[in-house]
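The values are calculated or read from the model by the stated rules, or taken from the named source; none is laboratory data. Just so we're clear, the structure is a prediction, and the values are computed from it rather than from any experiment. As a convention, Cβ positions derive from the backbone with ideal geometry for all residues, glycine included, and neighbour counts pool all protein chains shown.
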Amino acid sequence: MDKISITLPNGKKRSVHRGTPVNQTVKEIFPDIYPLIIAAVLDNEIVDLSTSIEKDTTLNVLTSKEEGGLKIFWHSASHIMAQAVKSLYPETILGIGPAISNGFYYDFFLNDSITETNLLQIEKRMKEIIKEDIPFVKRILPKDEAFQLFEEKGERFKLELIQDIPGDTITIYENGDFFDLCRGPHVPSTGYIKYFQLLSVAGAYWRGDERNAVMQRIYGVAYTEEKALKEDIQAREEAQKRDHRRLGKELDLFSFHPEGPGFPFWHPNGVILYNEINQYMREVLQRKNYFEIKTPLILNEALWHQSGHWDNYKSNMYFTDIDDQSYAVKPMNCPGGLLIYKNSAHSYREFPLKYSEMGMVHRHEKSGVLHGLFRVRQFTQDDAHVFCTPDQVEEEIIKIIDLIDEIYHTFKFENFLIELSTRPNKSIGTAKMWNMAEKALTNALEYKKLTYQINKGEGAFYGPKIDYHIQDSIGRMWQCGTIQVDFSMPDRFDLEYVGPDGDKHRPVMIHRAILGSVERFIGILIEHFGGAFPVWLAPVQCVVLPISEKVHDYAHQVLNHIQKSQIRSVLDIRNEKIGYKIREAEIKKVPYMCIIGEKEKNNKNISVRKRSEGSTGQTALSSLITEIRDQIKRRMHY
């Protein structure tokens, strides 16, 4: 039998017989981690361990502890779940079952609703399938044969998928008498999925289209170690406690209504939070020499053709007719800022010229993807557009990086993941423009000595970008900030400035957002703090709690002094026991409580209870006011 050469990750080479299964080879080469290996990488292609090595190749392995390996692990678990569901409910029609960022799901179409009790039955059947340790077997079929196979089973959604797959062959995976349309790869057998749990059931439209059938989507997660599964479940429970939709209701911040799906309704407490964030941003930007602008909500269709949004973003836009002309509700603020710039002549002496806008935008999102404040149809972007000369670009990017760092630290986001996204397939502008823009972003990141990842082909259609992913208090990552260099839009709008040579030149435009969507950022903040906002953000900063009616007059005096000091405070004079009032204030996550009894009235002071510390004893009212005012002024956290 012929010998072929494989190159290992350390550069060493090894000879094997042609046709040797990958499984046999990796067992010999990686004995220490072999139990964790679930797939191999041959010449950068991820393959099943059952794959035969047929030519000279490079060889690496994936374990269930790596992201790529874990995705294979989760995808295999979704197949086992589908097998269990089909076994228990044979009339089920299968949808799709991918791995996602935090587990897996599978979509099913059946007439009866799947309940929590059903999940336990499905889990029991999955354990039986896992115990049988059934191999995952890959088969490649002619397209017409695969079509007939799924047609005989009545799998109409699979038939639809097969029709959309290019080429003459189709890949399926079998485990026992169950088979599924799938490219793979998979773990070697069902026995690899040791520890798992089904999490929930939700509705989902087939292929994300609200015109299609409603599927029942079962979510789950799986690991090779019981400890990892327990830690994951605990983290999910903590995240559920912090869910911004639940806390938004409990803290009376916002609501959603069927009269405006995807459009948040802000309650008084929510408006306070919203305005405090906007005011902070305004203060910082004024200090950084930004000029605030405001642009119309609806603009003529011609503008969106000129900006490129019509060709690249039309499906996400809303339209209306005014005086027999077509208009669009703005999905982005940039074109309005461009018109303001174009309204007057500019000199290089003005540069960098920085326009900021807390601009409301509307984007058409499918109803199936709406999710609290995280995915809405109307939101405010903290946009800014910096117009500068080409030789100022890197310096301005560096300034924006410093600005982002300052603002995130104010909100107690200490850790970031930074991505540099390059030119996508669908884009506007020349290769020269894109190369210059990508180089400017790269140089700025290198100058700041920041660690970053390359996100190839994921830039905006008009320019490359730096994206910031912030880590919250329980370790989750959220994409928020962005810096985008745009040589193209100024060209499309024929923007000019007079240079030191007296001639007209084309400015560079830097788009930047730090919070991103203010609505989404508030949702992130709610979960980051678990609703226990720092004093400066808290809708109610202090609550006055009289113990009895006898001290109501003094309680009113205390409230008056606190409110005059511009501290947001309320008085709870309900006929309830003081313990009940304290618990209510704790549920509302109020930072400070002033408890007033006859002793406090006689001594002309107050007893203080802090959200983070509990009771701190009696003190002068003036001392408390000074402490709270100091925390507000310095935007402190405790």
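Taken together, the criteria place ASP494 among residues that are surrounded by fewer than 15 Cβ atoms within 10 Å (Cβ to Cβ) and either among the charged types (D, E, K, R) or under 16 Å from the mean Cα position of the chain (by Cα) (or both). In this structure, is ASP252 acidic (Asp, Glu) and modelled with pLDDT of 95 or more? Answer is yes for this residue. If the condition is being among the basic types (Lys, Arg) and under 23 Å from ARG375 (Cα atoms), then the range 257-316 contributes only LYS314. If you take the residues in the range 160-194 that are assigned to a helix (DSSP H, G or I) and of a type outside the set (A, V, I, L, M), which one is nearest to ALA39 (Cα to Cα)? Of everything passing the filter in the range 160-194, TYR192 is nearest to ALA39 (Cα to Cα).
Can you tell me how many residues within the range 9-40 are assigned to a loop (DSSP other than H, G, I, E, B) and exposed (fewer than 14 other Cβ atoms within 10 Å of the Cβ)? Final tally of qualifying residues: 9. Of all residues in the range 53-74, those that are outside any helix (DSSP H, G or I) and more than 16 Å from ARG14 (Cβ to Cβ) total 5.
Per the listing PHE291, PHE256, the residue uniquely within 23 Å of the chain's Cα centre (by Cα) and surrounded by 13 or more Cβ atoms within 10 Å (Cβ to Cβ) is PHE256. Of everything in the range 333-376 that is in a loop (DSSP other than H, G, I, E, B) and hydrophobic (A, V, I, L, M, F, W, C), the residue that is nearest to GLY248 (Cα to Cα) is LEU373. In the range 548-638, counting only strands (runs of 3 or more DSSP E) that sit wholly within it, the ones holding 1 or more residues that are charged (D, E, K, R) span 606-610.
The residue that is farthest from PRO424 (Cα to Cα), counting only those in the range 285-310 that are in contact (Cβ under 8 Å) with a residue 60 or more places away in the chain and part of a helix (DSSP H, G or I), is LEU285.
Among the residues of the range 304-338, those that are surrounded by 16 or more Cβ atoms within 10 Å (Cβ to Cβ) and of a type in the set (A, V, I, L, M) comprise MET317, ALA328, VAL329, MET332, LEU338. A search for C-beta distances below 6 Å between a residue of the range 158-178 that is within 24 Å of SER50 (Cα to Cα) and any residue that is among the acidic types (Asp, Glu), counting only pairs 6+ apart in sequence or on different chains, returns TYR173/ASP180.
Within the range 371-401, track down each residue that is among the β-branched types (Val, Ile, Thr) and either at positive phi or in contact with a His (Cβ under 9 Å, 6 or more places away or on another chain) (or both). The answer is VAL386, THR389.
Figure legend. Inter-residue proximity from the range 567-593: first residues in contact (Cβ under 8 Å) with a residue 60 or more places away in the chain, second residues surrounded by 12 or more Cβ atoms within 10 Å (Cβ to Cβ) and not in a loop (DSSP other than H, G, I, E, B), beta-carbon distance below 6 Å, spacing 6+ or different chains. Indicated pairs: ILE567/CYS542; ILE567/ILE628.
For the range 127-159, the set of residues classified as assigned to a helix (DSSP H, G or I) and of a type in the set (D, E, K, R) consists of LYS127, GLU128, LYS131, LYS143, ASP144, GLU145, GLU151, GLU152, ARG156, LYS158, listed by residue number. When ILE510 is tested against (1) within 20 Å of the chain's Cα centre (by Cα); (2) not polar (S, T, N, Q); (3) not in a loop (DSSP other than H, G, I, E, B), just one condition goes unmet, and that condition is (1). The numbered conditions (1) assigned to a strand (DSSP E or B); (2) farther than 22 Å from ILE170 by Cβ; (3) in contact with an Asp or Glu (Cβ under 9 Å, 6 or more places away or on another chain) are all true for TYR105 except (3).
Residues are listed down the side, and each one gets a yes or a no for (1) surrounded by fewer than 21 Cβ atoms within 10 Å (Cβ to Cβ); (2) in contact with a Pro (Cβ under 7 Å, 6 or more places away or on another chain); (3) at negative phi; (4) of a type in the set (A, V, I, L, M):
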| residue | (1), (2), (3), (4) |
| --- | --- |
| VAL369 | yes, no, yes, yes |
| LEU403 | yes, no, yes, yes |
| THR410 | yes, no, yes, no |
| SER421 | no, yes, yes, no |
| PRO424 | yes, no, yes, no |
| GLY429 | yes, no, no, no |
| ASN435 | yes, no, yes, no |
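When you look at GLU586, is it surrounded by fewer than 15 Cβ atoms within 10 Å (Cβ to Cβ), among the acidic types (Asp, Glu) and not assigned by TED's automatic domain parsing to the domain that holds LEU273, yes or no? So GLU586 passes the test. Assessment of the range 272-279 against the conditions (modelled with pLDDT of 95 or more, within 30 Å of TYR219 (Cβ to Cβ) and over 20 Å from the mean Cα position of the chain (by Cα)) yields no matching residue. Residues that are assigned by TED's automatic domain parsing to the domain that holds ASP323 and under 30 Å from PHE387 (Cα atoms): does the range 245-268 have at least one? No, every residue in the range 245-268 fails to be assigned by TED's automatic domain parsing to the domain that holds ASP323 and under 30 Å from PHE387 (Cα atoms).
Restricting attention to the range 449-476, which residues are of a type in the set (S, T, N, Q) and surrounded by 15 or more Cβ atoms within 10 Å (Cβ to Cβ)? The answer is ASN455, GLN471.
None of GLY516, GLY502 is assigned to a loop (DSSP other than H, G, I, E, B) and in the same structural domain as SER356 (by TED's automatic domain parsing) except GLY502. Annotation: of all residues in the range 488-499 being in contact with a strand residue (DSSP E or B) (Cβ under 7 Å, 6 or more places away or on another chain), within 29 Å of ALA302 (Cα to Cα) and not in a strand (DSSP E or B), the one that is modelled with the highest pLDDT is GLU496.
If the condition is being part of a strand (DSSP E or B) and farther than 17 Å from ARG156 by Cβ, then the range 198-212 contributes LEU198, LEU199, SER200, VAL201, ALA202, GLY203. Screening SER101 on (1) farther than 27 Å from ALA228 by Cβ; (2) out of contact with any strand residue (DSSP E or B) (no Cβ under 7 Å at 6 or more places or on another chain); (3) of a type in the set (S, T, N, Q) shows it passes everything except condition (1). Out of the range 567-601, which residues are within 10 Å of PRO546 (Cβ to Cβ) and of a type in the set (A, V, I, L, M)? Those that are within 10 Å of PRO546 (Cβ to Cβ) and of a type in the set (A, V, I, L, M): LEU571, ILE573, ILE578, ILE595, ILE596. Hey, PRO500 hits all of (1) of a type outside the set (A, V, I, L, M); (2) surrounded by fewer than 19 Cβ atoms within 10 Å (Cβ to Cβ); (3) at positive phi but one; which does it fall short on? It is condition (3) that PRO500 fails.
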